[in-house]
Amino acid sequence: MPCNKKVLGSNPSLWSFWMEFACFPSACSGSLRVHRLRLDGSQKLQNIISKSLFSLMITSQITNNTDALRKTWNPKFTLRSHFDSVRSLAFHPVEPVLVTASEDHTLKLWNLQKTAPAKKCAALDVEPIFTFRAHSGAVLSVTMSSSGDQCFSGGVDGTIQSWNMPSPNIDPYDSYEASILRGALCGHTDSVWGLVYSSVHHRLLSCSADGTVRLWNAADISPALAVFNEDGDLGVANSVDLVSSDPAYMVTSFDTGHIGLFNMETQQLFLTFDSAGPPESPCKINQVLSHPTLPITITAQEDRHIQFFDNNTGKLIHSMVAHLDSVTCLSVDPNGLYLMSGSHDCSIRLWNMESKTCIQEFTAHRKKFDESIHDVAFHPTKCYIGSAGADALAKVFV
């Protein structure tokens, strides 16, 4: 901060300063301006300098502390149309559009730009613009391709349905288009718990209650390209994700508490992580998630913990009690800075990935049969987060 000083007279109480503050942020415009202040009298100088230093300290603190600039999320849209628990949701990669999967046997497509004011709150109600029907039971999982042209759903009936995405501007009252349903990927013999789409290889990963993880060609409805854990050595697969830092690998959690890192090219188990909990009573893992930029695997656990594992060694690097009830779901923002968790305690919590501290908590859904939040997600490119609940609602926060 350059300062030009000129003393006028011999009496200290009568001197004046000319001070030049270069690159001082202007609170009005947000731009950088040069302010010249003429200061007469030592008391006035002291007061103004004190205020200026305080302003500079606050500005510096805000600039250097990314948490101070973090966004506070508020509920904006309520998605009402499902008749039973919403188990999963997936955002379109670029549009303000999402798909929800429900235990009412359907999936629904929502356009957040088509809203109506709600009667009793500030949130906006959104009506679905399309309903997908093909499953003969509850739909448990949904994922979308990186282009947004296709989506895939897995259900209790053991099938994976492949869909062509309708236009976001489709008229809800148009006649049904049979070409939207591309067909079923068959091979699993029990409920399909999770689906992950690989944009690198244009492949689809699925995990099922039959114990296996299967790799599919997302371009057609041909049989599975590979089957993992077919002999069930590690237990029953209940969650799967691609390793973002190395797309040749996938990480899978099992009901035995094991976490396995598999090479999809060789179809071999590459590494087994440390079990969650003691070997005699391993903790159930509800979801496994790969960090988008770091070689870290994150787990949501039944014992209220979130744990972090090193993909290179399989060792536990951090563990924390995150909720008052089971942690059911996780999502990391595309930049890898924030972690979002959902729980049966009805809350969503946002965490700073670096400090592992909670920076925001809000209640999102009501309980139904001791269950509350089933899924959470960040929009890949827009400022939205979404949640799916046992109360048959999906909510979007901005």
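So here's what we get for this one:
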quantity	calculated
Fraction of accessible area attributable to carbon and sulfur, the range 248-398 (%, probe 1.4 Å)	51
Net +/- balance of residues flanking K368 in space, Cβ distance below 10 Å, scoring K and R +1, D and E -1	-2
Rounded if a/c under 1.5, otherwise prolate or oblate - the range 133-202, Cα gyration tensor axes	oblate
With every protein chain in place, the range 161-211: carbon and sulfur % of accessible area (1.4 Å)	49
Amide H within-cut-off set for R182, under 5 Å, with H built and near neighbours excluded	S162, W163, N164
Protection proxy ranking, peptides 316-322, 142-148, average beta carbon neighbours within 10 Å, highest first	142-148, 316-322
Under-5 Å amide H pairs with A226, H placed in peptide plane, nonlocal only	L215
In nm, spacing of pseudo-spin labels at V200 and L294 (7 Å Cα→C-beta vector)	1.9
Radius 9 Å from Cβ of A138, net charge of other residues (Lys, Arg +1; Asp, Glu -1)	-3
Histogram of C-alpha separations across the range 287-326, 10 Å bin width, %	32, 52, 15, 0
Amide H within-cut-off set for I359, under 5 Å, with H built and near neighbours excluded	L350, W351, N352
Cα gyration tensor of the range 110-259 - equivalent ellipsoid semi-axes, whole Å, descending	31, 18, 15
Shape category assigned to the range 249-362 from the gyration tensor of Cα positions, a/c cut at 1.5	oblate
Overall form of the range 241-308 per C-alpha gyration tensor (a/c, 1.5; a/b vs b/c)	oblate
Protection-proxy order for peptides 96-105, 187-196, 346-355, each taking the mean of Cβ atoms within 10 Å per residue, highest first	96-105, 187-196, 346-355
For the range 245-398, accessible area per residue (1.4 Å probe, heavy atoms of protein chains only), Å²	40
Accessible area (Å², per residue) of the range 74-211, counting only protein heavy atoms and a probe of 1.4 Å	42
Accessible-area ranking of S245, S136, largest first, probe 1.4 Å	S136, S245
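The values are calculated or read from the model by the stated rules, or taken from the named source; none is laboratory data. Note that this is a predicted model, so its numbers are computed, not measured. Quick reminder, even Gly has a Cβ in these numbers, built from the backbone with ideal geometry, and neighbours come from all protein chains shown. These area figures cover heavy atoms from the full protein model, side chains too; ligands, DNA and RNA do not enter into them. Shrake-Rupley method; radii C 1.70, N 1.55, O 1.52, S 1.80 Å.
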